[in-house]
Amino acid sequence: MQVAVMRQASDLQRAQALNGYLFLLPSFALYLAFVLAPVVVTCILSFAYFDPMLGSRWVGLDNYIRFFTDDRSQQIFWNTLRFTIFAVTGNICVGMLFALALDRKIPAILLYLFRLAFFLPVIIAAAFVSIVWSYFYGDDLGVINYYVIRLGLSPVHWLTSSRYAMMSIVIMDVWKNAGFFMIIFIAALQGVPKTLIEAAVMDGASYWRRFFRIVLPWISPVVFFAIVYASIGALQVFESVVILTRGGPGDATRSMSIYIVESAFDSFEIGYAASIAVVMTIVILAITTVQFLASRAWVRH
Amino acid sequence: METKASQRWLDWAIIAVMAVIGFFMLLPFAWLFSMSFRTVKDAYQMPPSFFPPRLDFDNYRAVLNSSVPFLRIYANSVEVAVIVTIGQLVTCTLAAFAFARLNFPGRDTLFFVMLAGLLFPAQVTIIPIYLGFARIGLLNRPIGLALMYLTSSFGVFLVRQFMRSQPKALEEAALMDGAGYLKIFFRISLPQLRPALAALGIITFTQTWNYYFQARVLLEPQDSMTLPIAMDLLRGYLGSGNLALVMAAMSMSVLPVVLLFLLAQKMVIEGVAMTGIKN
């Protein structure tokens with residue numbers, strides 16, 4: 001009797017397991033084919049000189065050594081990190097300020113309009129808005145310079161001077177993406193218990209003191225997530241640079257993504273391009289790990 | 001300590017400042033739209049306009065009649081976005097059901113492996129995909145781009161999280177009654193998932209509509225392009241002076257995403273907020 005029940009239970013378990021694998025199959029097979037396998041192949045390619053005509057050969061760490069010793073690729077690597085640091089800081093800070101500003105009683109119609117205004121740039125392709133901004137940033141016929149000149153100032157070379165080009169791209173990026181972080185932070189702010197805040201108000205703590213002592217620690221997991229998310233996006237920056245500056249002037253704004261595409265598909269140095277992609281992935285993994293460890297320590301605290 | 005009255009005054013001051021900032025946020029779109037109605041010959045005239053000077057669709061017609069196969073490119077974008085959206089809704093929901101509702105050996109490891117997909121940028125997958133597509137004839141075909149994204153770690157994660165927040169009593173009862181898992185999935189789980197599916201569908205459609213890096217690598221001939229990469233090409237093709245035409249093309253290109261957003265703003269925003277919180 002008991003044996004029969006047990007057999008029935010294990011039959012059920014087996015049926016459930018079988019179904020589990022079947023339900024998972026389409027998604028996992030696609031994931032294997034279009035993510036996992038390509039990642040592995042890219043890693044392998046990064047140790048090779050790839051030439052389908054004349055034959056490929058192993059080159060060990062040569063591609064990586066080239067990437068980390070070549071002046072040009074060094075500049076491109078630092079460009080990308082610099083852009084990431086500025087864009088992430090800008091997006092998180094501006095997004096948080098917007099969220100704090102909108103986290104109060106606002107008439108429904110105004111709230112709708114605010115969400116529209118701040119979130120519209122987020123959902124429109126970077127490729128499209130970059131084209132618009134390229135006309136805004138123009139030297140002579142630029143919209144911004146038109147007003148700069150009207151104010152009696154000398155026109156700014158937004159995209160054509162190596163001093164300002166990177167900052168101009170960062171400004172557009174913050175305009176485009178801050179609304180995304182604003183939405184996430186508003187949702188997080190609404191989860192902070194009212195009683196905690198009220199108690200602090202009773203104690204006479206100022207607004208910013210309350211923010212840094214109570215609110216920010218409370219929503220820190222969301223902030224950590226936002227920083228990781230923003231970093232992963234910023235490290236891949238591509239179309240805004242391609243459209244606004246084509247990587248110039250010189251290499252002043254060239255990013256790793258552009259360099260990967262140029263190396264792989266213009267000069268057909270597949271192995272070298274693969275090594276750059278692997279470096280980018282390692283940076284992403286490193287940032288994620290650091291944030292993960294930091295947030296564990298911080299959140300427990 | 002702040003008094004009630006001064007607090008109210010401060011609230012309105014902040015709202016006013018945000019209104020001004022919001023106005024500036026929208027200026028690039030106002031400019032884009034109004035430019036698309038300027039005549040080609042005064043496209044570059046200053047001062048710039050932020051309101052359409054007139055409402056006739058000459059520039060729009062000119063784009064459609066130009067040497068660039070704009071309608072074909074538009075159709076490619078629709079094809080890719082629709083296939084990817086439907087594909088992800090199907091594959092991600094099935095996988096999420098397995099992860100949230102079924103027990104099987106290795107489940108948590110497999111979930112972790114899939115979640116790792118969030119960390120791999122397209123840059124590290126595109127080279128082998130390019131080489132593979134070149135070999136099997138999928139290069140320069142929009143369907144190739146769509147294939148890349150028929151499932152997503154993000155989608156699986158989103159639906160699984162949502163499903164776990166739902167009670168599973170009904171599903172367990174159906175199982176006791178001897179219903180098969182497929183039947184339970186379609187009859188009981190799927191109807192409960194409507195909010196998550198709407199959010200995922202809208203986010204996926206928008207994201208796919210906007211892909212640039214992948215499209216630029218995989219789709220080279222004009223006929224195979226999607227809108228974001230074609231727009232950069234149009235800038236050169238329609239003549240450098242034809243700013244007004246480019247903006248007309250752009251107005252048409254952003255239309256589906258803007259409409260989707262206007263119709264389903266709440267769902268988009270809740271979907272985004274949901275993913276932020278749940279992480």
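Every number in this text was worked out from the coordinates using simple rules, so none of it is lab data. All of these numbers come straight from a predicted model, not from anything done at the bench. Please note: Cβ atoms are built from the backbone with ideal geometry, for glycine as well, and neighbour counts cover all protein chains shown.
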| said: If you take every residue apart from A:Ile76 with its C-beta less than 15 Å away from the C-beta of A:Ile76, what net charge results, scoring Lys and Arg +1 and Asp and Glu -1? | reply: -1
| What does the average come to when, for each residue of peptide A:179-188, you count the partner chain Cβ atoms lying within 10 Å of its Cβ? | 4
| task | Quick one: compute the contact order of chain B, relative version, from alpha carbon pairs under 8 angstrom and 6+ residues apart, as a percent. | result | 30 percent
| Tell me, what HN-Hα J-couplings in whole Hz come from the Karplus equation 6.51 cos²θ - 1.76 cosθ + 1.60 at θ = phi - 60° for each residue of the range B:251-259, using x for Gly and Pro? | 4, 5, 6, 8, 3, x, 5, 5, 4
| said: For a protection proxy built on the mean count of beta-carbon atoms within 10 angstrom, sort A:14-20, B:119-125 highest first, please. | reply: B:119-125, A:14-20
| said: What distance in nm separates the two pseudo spin-label positions at A:Gln13 and B:Leu255, each 7 Å out from Cα along the beta-carbon direction? | reply: 5.9 nm
| Values of log10 I(q)/I(0), in the order q = 0.08, 0.10 Å⁻¹, for the protein assembly as shown under a Debye, Cα-only, solvent-free model | -0.62, -0.96
| task | Compute the Kirkwood hydrodynamic radius of the range B:4-57, taking the inverse of the mean of 1/r over all pairs of distinct Cα atoms, and give it in Å to one decimal. | result | 13.4 Å
| task | May I ask you to evaluate 6.51 cos²θ - 1.76 cosθ + 1.60, the Karplus curve with θ = phi - 60°, for each residue of the range B:161-178 and list the ³J(HN,Hα) values in order in whole Hz, giving x for glycine and proline? | result | 4, 5, 5, 5, 7, 8, x, 10, 4, 4, 5, 5, 4, 5, 5, 4, 6, x
| If you plug each phi of the range A:286-293 into the Karplus form 6.51 cos²θ - 1.76 cosθ + 1.60 with θ = phi - 60°, what whole-Hz ³J(HN,Hα) values come out, in order, with x for Gly and Pro? | 5, 4, 4, 5, 4, 5, 4, 5
| note | The computed P(r) of chain A puts the percent of Cα pairs beyond 34 Å at 43 percent
| task | Taking a cut-off of 26 Å between Cα atoms, list the lysines near A:Lys105, but don't count ones fewer than 8 places away on the same chain. | result | A:Lys176, A:Lys194, B:Lys4, B:Lys266, B:Lys278
| message | Just to confirm a number: summing +1 for Lys and Arg and -1 for Asp and Glu over residues other than B:Asp223 whose beta-carbon lies under 14 angstrom from that of B:Asp223, what do you get? | response | 0
| query | What is the mean number of Cβ atoms from other protein chains located within 10 Å of the Cβ atom of each residue in peptide B:19-30, rounded to a whole number? | reply | 6
| message | How big is the range B:93-140 along each principal axis, measuring the range of its Cα positions in Å and listing the largest first? | response | 41, 21, 18
| query | Among B:Met250, B:Ala173, B:Leu200, whose Cα lies farthest out toward the positive end of the dipole of the protein assembly as shown, if unit charges sit on the beta carbon of Lys, Arg (+1) and Asp, Glu (-1)? | reply | B:Ala173
| task | Calculate the translational D of the range A:171-301 in whole µm² s⁻¹ from Stokes-Einstein, where the hydrodynamic radius comes from the Kirkwood formula applied to all Cα pairs, the temperature is 25 °C and the viscosity 0.890 mPa s. | result | 138 µm²/s
| remark: Checking rank on B:136-144, A:221-229, with mean other Cβ inside 10 Å and highest first, the result is A:221-229, B:136-144
| message | Between B:Leu263 and B:Leu182, how high is the FRET efficiency from 1/(1 + (r/R0)^6) when r is the Cβ-Cβ distance and R₀ = 41 Å? Nearest 0.05. | response | 0.80
| remark: The Rg/Rh figure for the range B:63-278, Cα atoms and Kirkwood Rh, to two decimals is 1.05
| So what are the three principal axis dimensions of the range A:88-195 from its Cα atoms, in whole Å, longest to shortest? | 54, 27, 27
| remark: Taking Cα atoms only, helix B:70-101 is inclined relative to the longest principal axis of chain B by an angle, in degrees rounded to 10, of 20 degrees
| note | For peptide B:125-136, the mean count of other chain Cβ atoms within 10 Å per residue Cβ is 6
| query | Ordered by packing density, taken as the mean number of other Cβ atoms within 10 Å over each peptide's residues, highest first, how do B:36-46, B:204-214 rank? | reply | B:204-214, B:36-46
| query | What is the distance in Å between the Cα centres of the range A:241-297 and the range B:40-58? | reply | 39 Å
| said: If I fit a long axis through the Cα atoms of helix B:194-210 and take the longest principal axis of the Cα atoms of chain B, what angle between them do I get, 0 to 90°, rounded to 10? | reply: 40 degrees
| Top mean-square fluctuation among A:Val156, A:Val41, A:Val261, Gaussian network model of chain A, C-alpha springs under 10 Å? | A:Val41
| field | Nitroxide proxy distance, nm - points 7 Å out along Cα→Cβ at A:Thr69 and B:Ala116 | value | 3.1 nm
| Built amide H within the under 5 Å cut-off of A:Ala48, gap 5+ | A:Val59
